[in-house]
Structure formats: C-alpha cells, structure tokens
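Student: Can you keep this structure in mind? I'll have questions shortly.
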Amino acid sequence: MARQTKERAEQTRERIIDAAEQVFYRRGVARASLEEIAREAGVTRGAVYWHFSDKVEVFIAVEHRAQQPYEQMRAALRSSVSHAGNAEEAMQALETSIVEAFERIQSDELARLRLTVMLLRCDYVGEMAPALERQTAITRLFFSELQHYFNVVIPPPAPGSDWQPEDAAQVLQVVVHGSFMRWLRSPDEFPIGKGVIAIKAFIAALRKAWIPNV
C-alpha cells in the first residue's frame with residue numbers, strides 16, 4: 001500500500017511538471033500562476049503545494065528536464081571525441097555529436113517546448129535570477145569542455161594558424177547557441193537544418209586550420 005501511495009504521488013508530481021511546461025510555454029513564466037498549473041494538471045492547488053513550495057520550485061523541475069539535451073550532447077562529446085585516434089577523427093566525432101544532438105531535439109517536441117521556456121519565456125530577474133546563474137554555469141562548463149577538446153584531445157593546430165583553441169571553443173559555442181535561439185524564435189525562417197549546415201561549415205573551416213592537408 002505504501003509503495004502504491006508513493007507511486008501515485010510521483011505520478012501526480014510528474015503531471016504537475018507536465019502541466020507547468022505547457023502553462024509556462026503559453027503564458028510565460030512571469031504571468032503563469034500555480035492555480036493555472038493546477039487546473040492544467042487536473043489537481044487541486046493543495047496538491048501542487050504538497051509537492052512544490054512555490055512557482056520557483058516548479059520552474060526548477062522544468063529546468064532539470066530542459067537540461068537533458070545538453071547533458072546528452074556533452075556525454076556524447078566526451079565519449080566519441082575521447083575514442084578518436086587522430087585530429088581528423090576527433091573533428092569528425094565533434095561534428096557528429098553536435099549534429100546528432102540537433103537532430104534529436106528537432107524530432108522531440110517536448111525538448112523544443114522546454115528550451116523555448118528556458119530561452120524565450122522567462123525573464124531572469126528577481127526570484128528567477130538564480131536560474132540565470134545556473135544556466136550561465138552550464139554554459140561555462142560546456143565552454144571549458146570544448147576548450148579541453150581543442151587544447152588536449154584534438155592535437156594543436158598547424159603552426160601559423162589563425163585559430164587558437166580558446167577562439168575555436170568560443171565561436172563553436174556561439175554557433176551552437178545562436179542556432180538554437182534562431183530556430184526557436186523563427187522555425188519557419190530558420191529550420192534547425194540551417195544550424196546543422198552552420199556547424200558543419202565551421203568545423204570544416206577548423207579542419208583546414210588544424211589539419212591543412214585534409
């Protein structure tokens with residue numbers, strides 16, 4: 001009986017988070033209320049407060065879900081690039097990992113909805129300011145990992161190259177983030193496939209700098 005009660009409670013919690021994603025997407029985080037989330041979930045306001053102390057806690061739960069595509073991409077990068085035998089293989093592994101992440105998100109409507117909430121439906125001021133700090137920390141972590149690839153995993157560029165590891169990491173991160181933002185804002189004008197083209201073009205330019213004979 002206790003196990004069933006725990007399972008039902010977890011199901012209710014997940015239903016509340018599902019509802020919050022939809023309400024945040026439609027209304028924006030600032031305008032959304034716990035009452036609206038409760039109605040969307042088909043539960044009482046008391047049920048929401050049983051699981052979450054306030055709207056910020058609900059947002060954090062949505063935020064954790066939204067981070068999954070980034071975590072998957074970073075895990076794929078770590079795995080594929082670390083198994084590369086040379087600079088060319090490492091560059092190809094880098095490209096493949098990022099492109100596959102784009103393709104996964106393109107086919108996942110919920111992932112797109114969550115990213116839209118995080119990037120376009122939330123004003124990171126006041127009580128939401130700590131969320132911006134958390135996202136900034138994730139951005140810095142992604143940059144440090146890219147910088148590690150270009151400094152350590154992928155051999156240094158050819159002598160006299162205009163590209164340095166830190167520059168490559170910064171620009172690649174901008175291309176990835178900018179492509180996501182452009183796609184989420186105007187998917188008809190900028191389908192995610194254009195982001196894939198941008199990633200491939202940039203890494204092709206890096207190949208010429210790092211491996212001039214390729």
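Every number here is computed from the coordinates shown, using simple stated rules; none is lab data. Bear in mind the structure is a predicted one, so any value in this text is a computation, not a measurement. Ideal geometry is used to build each Cβ from the backbone, glycine not excepted, and the neighbour counts take in all protein chains shown.
Student: Answer with one residue from TRP183, PRO165, ILE211: the one whose Cα lies farthest towards the positive end of the charge dipole of segment 132-212, charges on Cβ with Lys, Arg +1 and Asp, Glu -1.
Tutor: Of TRP183, PRO165, ILE211, it is TRP183.
Student: Through the Karplus equation 6.51 cos²θ - 1.76 cosθ + 1.60, θ set to phi - 60°, convert the phi angles of segment 174-182 into ³J(HN,Hα) values in whole Hz; use x for Gly and Pro.
Tutor: Per-residue couplings from phi come out as 5, 5, 5, 5, x, 5, 4, 4, 5 Hz.
Student: Pop a pseudo-label 7 angstrom from the Cα along the beta-carbon direction at both VAL171 and GLU189 and give the gap in nm to one decimal.
Tutor: 2.5
Student: Follow-up. What trypsin sites (Lys or Arg not before Pro) does segment 1-48 have in DSSP loop regions with at most 12 other beta carbons within 10 Å? Walk me through the intermediate numbers first.
Tutor: On the way: sites: ARG3, LYS6, ARG8, ARG13, ARG15, ARG26, ARG27, ARG31, ARG39, ARG45; in loops: ARG31.
Listed in order of number, the matching sites are ARG31.
Student: Check cross-link reach from LYS55 to the lysines: straight Cα distance under 28 Å, and skip same-chain residues fewer than eight apart.
Tutor: LYS6
Student: Now for a different question. Cα atoms only: what Rg and Dmax, in Å, come out for segment 2-63?
Tutor: So, for segment 2-63, Rg and Dmax equal 11.1, 37 Å respectively.
Student: Defining a contact as two alpha carbons under 8 Å apart and six or more residues distant in sequence, what relative contact order in percent does segment 2-63 show? Each step should come with its number before you reach the end.
Tutor: On the way: 39 pairs, mean separation 22.1, N = 62.
Reported relative contact order: 36 percent.
Student: Determine the equivalent ellipsoid of the chain by diagonalising the alpha-carbon gyration tensor, then write out the semi-axes as square roots of 5 times the eigenvalues, largest first, rounded to whole Å.
Tutor: Semi-axis lengths for the chain are 40, 17, 15 Å.
Student: If you don't mind, another one. Which of ILE199, ILE211, ILE154 comes first, and how do the rest follow, when ranked by fewest Cβ neighbours within 10 Å? Could the numbers behind the result be given before it?
Tutor: On the way: ILE199 20, ILE211 17, ILE154 24.
Lowest to highest Cβ neighbour count: ILE211, ILE199, ILE154.
Student: Can you work out ³J(HN,Hα) from phi for every residue in segment 31-43, in order, using Karplus 6.51 cos²θ - 1.76 cosθ + 1.60 and θ = phi - 60°, giving whole Hz and x for Gly and Pro?
Tutor: My calculation for segment 31-43 gives 8, 6, 10, 5, 4, 5, 5, 4, 4, 4, 7, x, 10 Hz in order.
Student: Specify the inter-centroid distance of segment 53-75 and segment 146-182, based on alpha-carbon positions, in whole Å.
Tutor: Cα centres, segment 53-75 to segment 146-182: 26 Å.
Student: Through the Karplus equation 6.51 cos²θ - 1.76 cosθ + 1.60, θ set to phi - 60°, convert the phi angles of segment 104-115 into ³J(HN,Hα) values in whole Hz; use x for Gly and Pro.
Tutor: 5, 5, 4, 8, 10, 4, 5, 4, 5, 4, 5, 5
Student: What lysines does LYS200 reach when the alpha-carbon gap must be under 29 Å and sequence neighbours fewer than 8 apart in one chain are set aside?
Tutor: LYS208
Student: Shifting gears a bit: Starting from one equal scatterer on each C-alpha and no solvent at all, send me the Debye-based log10 I(q)/I(0) for segment 88-162 at q = 0.27 Å⁻¹, two decimals.
Tutor: Result of the Debye calculation: -1.21.
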